[in-house]
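Here is the structure we will look at.
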Amino acid sequence: MRGRVIGNISNLYKVKTDKEVYLCCARGKLKQENNKLLVGDIVEIDQEQKIIDKIYPRKNELIRPPISNVDQAIIVVSVMKPKLDLYLLDRLISIISYHDVEIIICFTKLDLLENKSDIKEIMDYYQKIGYSVTNNNDIDKLKELLKNKVTVVAGQSGVGKSSLLNKLNPEFNLITDEISRSLRRGKNTTKHVELLEIESGLVADTPGFSMASLEQMSKEEIRDSFKEFDLYKDDCQYRDCYHINENNCAVKQADILESRYQNYCKFIKEKDE
Ligand SMILES: Nc1nc2c(ncn2[C@@H]2O[C@H](COP(=O)(O)OP(=O)(O)O)[C@@H](O)[C@H]2O)c(=O)[nH]1
Ligand SMILES: [Mg+2]
Ligand SMILES: [Zn+2]
């Protein structure tokens, strides 16, 4: 029977099938280092013996958090407390799209802003270039976006990831707020990955994602992850233009959000160092 690994508790795997969730062990060959099971894996199980026999090929595989077959990521960004960090947002967009994962951007803590016009402009920009943009009060829209998908939640600590998931399903009862965070600090909780059922989809609250790096990406791949550049690049004089120092560059002339272009330059510069 086919199922999906949704959790791992000291090498006992929770496998969700159409019927129910089974607690299974893995066959010996699936315990070897180069063949390890991940949360997210589609597997074949023997439901009598409660054993995982086989892993089906993965669509993609993230390292931090360790999870496979991810359809999309919600990047949670707070506009205050912690303060708006567009550098991290652009970094996450690049890394996540590199893994062939769709992107939803969810802004939080808009209630803390007196003047919302600047943030509105930023939200409109990301929407315009092709991402799904929402905020943490639009729960209906988020539920719609989560349907039948496997979603990871990414973003800096304190932006409101766990609160958002609790809003989507109060039964999750995920730990939130500052006090509990400082109590947990030091304990090894960040490695734990679990897929939670939501709106016929699955969601992982994944604390490690904010540390994701551009290391595996080439300069070319970083450039191509800025998808709005595609609209203009054919008009650049040089075919493989990096849109930084070249003459007659159409991207530099285009109406790109200033912070985003600056972040792009920083990422490319990091690669040169
Ligand atoms: N004012 C305000 N506070 C929020 C909002 N969303 C979350 N918070 C608070 O921000 C803090 C951190 O939230 P939490 O969900 O633990 O963030 P996480 O670290 O990303 O999981 C908590 O005290 C929440 O109550 C929001 O939209 N507005
Ligand atoms: Mg949290
Ligand atoms: Zn160019």
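Net charge of the neighbourhood of residue 194, taken over other residues with C-beta under 9 Å away and scored Lys/Arg +1, Asp/Glu -1, is 0. Legend: translational diffusion of region 13-163 by Stokes-Einstein, Rh = Kirkwood radius over C-alpha pairs, 20 °C, 1.002 mPa s; D = 123 µm²/s.
If you wrap the tightest convex hull around every Cα atom of region 1-44 and split its volume per residue, you get 64 Å³.
Working from Cα pairs under 8 Å separated by at least six residues, relative contact order for the chain is 16 percent. Cross-link partners for residue 54 among the lysines, with Cα-Cα distance under 22 Å and sequence neighbours closer than 8 places in the same chain left out: 14, 16, 19, 29, 31, 36. Average projection, convex hull of the Cα set of region 24-82: 5.8 square nanometres.
Taking each DSSP H run with n ≥ 4 as -39500 (n - 2.57) and averaging over every residue of the chain yields -7500 deg cm²/dmol at 222 nm. Magnitude of the charge dipole for region 62-211, about its Cα centre and with charges confined to Cβ atoms of Lys, Arg (+1) and Asp, Glu (-1), is about 500 debye. Across 35, 137, 166, mean-square fluctuation computed from a Gaussian network of the chain (C-alpha pairs under 10 Å connected) peaks at 35. Once C-alpha pairs closer than 8 Å and six or more residues apart are averaged by separation and normalised to the residue number of region 56-178, the relative contact order reads 29 percent. Can you tell me the FRET efficiency between residue 269 and residue 247 if r is taken as the Cβ-Cβ distance and R0 is 25 Å, rounded to the nearest 0.05? E(calc), rounded to 0.05, equals 0.80. Taking every Cα-Cα distance in region 207-273 and sorting them into 5 Å bins starting at zero, the pair-distance distribution P(r) comes out as 3, 16, 27, 25, 16, 7, 3, 2, 0 percent. In this rough spin-label picture, where each label sits 7 Å from Cα along the Cβ direction, the residue 19-residue 59 distance is 2.6 nm. Over the chain, the ratio between the Cα radius of gyration and 2.2 N^0.38 Å evaluates to 1.10. What percentage of all Cα-Cα pairs in region 1-102 are separated by more than 20 Å? So the portion of pairs separated by more than 20 Å is 47 percent. Beta bridges per DSSP, both residues in the chain: antiparallel share near 50 percent.
Within region 6-34, find all residues whose amide N lies under 17 Å from a label point positioned 7 Å from the Cα of residue 48 along Cα-to-beta-carbon. Taking a point 7 Å out along Cα→Cβ of residue 48, the residues of region 6-34 whose backbone N falls under 17 Å are 25. Applying a threshold of 21 Å to the alpha-carbon distances of 116/227; 83/128; 81/161; 81/266; 59/167; 81/167 flags 116/227; 83/128; 81/266; 59/167 as lying beyond it.
A simple count of charges around residue 104, restricted to other residues whose Cβ falls under 13 Å of its Cβ and scoring Lys, Arg +1 and Asp, Glu -1, yields +1.
Left without a cysteine partner by the 4.7 Å Cβ rule in the chain: 24, 25, 106, 249, 265.
What's the FRET efficiency of residue 172 with residue 12 using the Cβ-Cβ distance as r and R₀ = 25 Å, to the nearest 0.05? With R0 = 25 Å, the Cβ-Cβ based efficiency is 0.75.
Note on residue 118 and residue 147: the model spin-label points, each 7 Å out from Cα along the C-beta direction, lie 3.7 nm apart.
We did not get these values from a lab; they are worked out from the coordinates using the rules stated. Because the structure is a prediction, the values reported are computed rather than measured. When we count neighbours, we look across all protein chains shown, and the Cβ atoms used for this are built from the backbone with ideal geometry, even at glycine.
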